[in-house]
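Heads up, the thing below is written out as structure tokens.
The values are calculated or read from the model by the stated rules, or taken from the named source; none is laboratory data. Since we're looking at a predicted model, the values are computed, not measured. Cβ atoms come from the backbone with ideal geometry, glycine included; neighbour counts cover every protein chain shown.
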């Protein structure tokens, strides 16, 4: 059975004539899996790139090596670069990315286990970036990240719909 939020997103994308792509590091493709559980998703879903390692983030999505070195792979800057690279690579209207530390190890004082950065770039270059620190186990952190990512995509679609409504009919 498809996730209700993922199903709603696919329908909204279809209605708006928009496409989506995902760049996933710590979720390992969970967001894409939720989307592809929806029958007919191919009308709107371009695909996912899962560059788990920093080298793949640079090679596949063009995350600058200076960003990875100076800001780290779990940072606002990297999340934005992942979303931009994914949107460009797969030619979508909307791209969502996430990068984080799922645990149980890998955390440090300034980036504890459960830290995740999400970035969503939508039509008109609308950008939303968020940092969260989940307090669950590895599976729970991945699930919470995927669900919040879907919510950000839905918000991006809604903003697009609202901006169209605000344009009026020219009278």
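Restricting attention to region 107-125 and to residues that are touching a strand residue (DSSP E or B) at 6+ places or on another chain (Cβ under 8 Å) and not in a strand (DSSP E or B), the residue that is surrounded by the fewest Cβ atoms within 10 Å (Cβ to Cβ) turns out to be 112. For region 132-153, the set of residues classified as closer than 16 Å to residue 107 by Cβ and in a helix (DSSP H, G or I) consists of 138, 140, 141, 142, 144, 145, listed by residue number.
With respect to residue 103, determine if the residue is on the phi > 0 side of the Ramachandran plot and either in a helix (DSSP H, G or I) or touching a helix residue (DSSP H, G or I) at 6+ places or on another chain (Cβ under 6 Å) (or both).
The answer is yes for residue 103.
Specify the residue that is farthest from residue 100 (Cα to Cα); the eligible residues are those in region 37-59 that are assigned to a helix (DSSP H, G or I) and out of contact with any helix residue (DSSP H, G or I) (no Cβ under 7 Å at 6 or more places or on another chain). Selected residue: 42. One residue stands out among those in region 69-82 that are in contact with a helix residue (DSSP H, G or I) (Cβ under 9 Å, 6 or more places away or on another chain) and surrounded by 23 or more Cβ atoms within 10 Å (Cβ to Cβ): the one that is modelled with the lowest pLDDT, which is 73. For residue 93, the requirement of being at negative phi, touching a residue at least 40 places away in the same chain (Cβ under 8 Å) and touching a helix residue (DSSP H, G or I) at 6+ places or on another chain (Cβ under 9 Å) is met.
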